Amino acid sequence: MSHLPAILETVLSGTVAASAAALTYAVRVPSCAWLAPSVHRGPGSRRSIALTFDDGPSESTPALLEILDRNRAPATFFQIGANVRRLPQVAREVASAGHEIGNHTDTHPMLALKSPSSIYGELAAAQDAVEHATSLRPRYFRAPYGVRWFGLRQAQRRLSLHGVMWSTIALDWKRQTPDVVSRLIGGAVPGAILCLHDGRVLNHRPDIGATLQAVRELLPKLMELGFHFEKVTDILCPTKN
Ligand SMILES: [Zn+2]
């Protein structure tokens, strides 16, 4: 009996550690959908790749649109509501170039520890901002920092949004171009969803030079490897030709 408290303590601390590990997995791991339904890659039935760009629109987005246009590469942009209100014309340019627009919250908060109503408010405000600027309502949502939290599942359901994570993240906000390109080439598999950034959170006039140069170099390389590019909506469809 005298050992019971010590044993209990060991068991309990093991349980707490296991629970913390499980929570970290649920919150951060792109392939995990415990806290809200999400996908992190397409079925891979075609040699296609989804290019996705987060944190825009920014003043540098039009330069990216030019590169995508030159390579006839459709992409998906997970835009921040506040940036859309700041640059509605750029959001419209993205839409009218035929790219898909997704929801990346209104102000890019870390959703962990936020209340369900605050999470819903972030998603709903971004839906409204994108719709107001482009007349389109996003169907897909990407969580800032890839962090999901309790209440996100219900918010996504109320707004008919489906979560989209990534199969490879470029780290283009902090790595040099050659590193970004080699990471993304390494992640180039049928159905891959690659995550880059055409903005830098809420920064005005962000320097996205590393991203632009990486995309310039990446697209021809991927095409040489036999890949083509699809929007998120298309890459998730197993039967599209
Ligand atoms: Zn982001």
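Quick notes
- Relative to the longest principal axis of the Cα atoms of the chain, helix 209-224 runs at roughly 80 degrees.
- Rounded if a/c under 1.5, otherwise prolate or oblate - the chain, Cα gyration tensor axes: prolate
- For segment 186-233, the fraction of 1.4 Å probe accessible surface lying on carbon and sulfur atoms is 53 percent.
- Of the two radii for segment 153-241, the radius of gyration is 1.02 times the Kirkwood radius, both from the alpha carbons; that is the Rg over Rh value.
- Choice from Leu194, Leu51, Leu218 showing the highest fluctuation, given a GNM over the chain with Cα pairs closer than 10 Å: Leu218
- Loop sites in segment 71-107: trypsin sites (Lys or Arg not before Pro), DSSP, at most 12 other Cβ within 10 Å: Arg72
- Kirkwood radius and radius of gyration were both taken over the C-alpha atoms of segment 124-185, and their ratio Rg/Rh is 1.09.
- Take the Cα of Arg216, step 7 Å toward its Cβ, do the same at Asp128, and the gap between the two points is 4.1 nm.
- Partners of Lys221 within straight-line reach, counting aspartates and glutamates whose Cα lies under 17 Å from its Cα and excluding those fewer than 8 residues away in the same chain: Asp69, Asp179, Glu230.
- Extension gain from Met110 to His204, taking 0.36 nm per residue of separation minus the Cα-Cα distance: 31.9 nm
- For segment 122-183, the solvent-accessible area of protein heavy atoms averages 46 Å² per residue (probe radius 1.4 Å; ligands and nucleic acids excluded).
- Computed accessible area, Asp198, all protein chains, 1.4 angstrom probe, square angstrom: 0 Å²
- Applying both filters, DSSP loop and at most 14 other Cβ atoms within 10 Å, to the trypsin sites (Lys or Arg not before Pro) of segment 135-241 gives Lys174, Lys240.
- Fully extended contour minus Cα-Cα distance, from Ser135 to Ser160, at 0.36 nm per residue: 7.4 nm
- Amide hydrogen proximity for Val39: with H placed 1.01 Å from N in the peptide plane, the residues at 5 or more positions away or on another chain lying under 5 Å are Gly163, Val164, Met165.
- Shape of segment 107-216, Cα gyration tensor, a/c cut at 1.5: prolate
- Calculated P(r) of segment 9-138 - Cα pairs past 24 Å, %: 43 percent
- Taking a sphere under 14 Å around the Cβ of Leu111 and counting the other residues whose Cβ falls inside, with K and R at +1 and D and E at -1, yields a net charge of +3.
The values are calculated or read from the model by the stated rules, or taken from the named source; none is laboratory data. Given the structure is predicted, the values throughout are model-derived calculations rather than measurements. A quick note on method: Cβ atoms are made from the backbone with ideal geometry, for glycine too, and the neighbour counts reach across all protein chains shown. Calculation scope for accessible area: heavy atoms of the full protein, side chains included, ligands and nucleic acids excluded. Shrake-Rupley method; radii C 1.70, N 1.55, O 1.52, S 1.80 Å.
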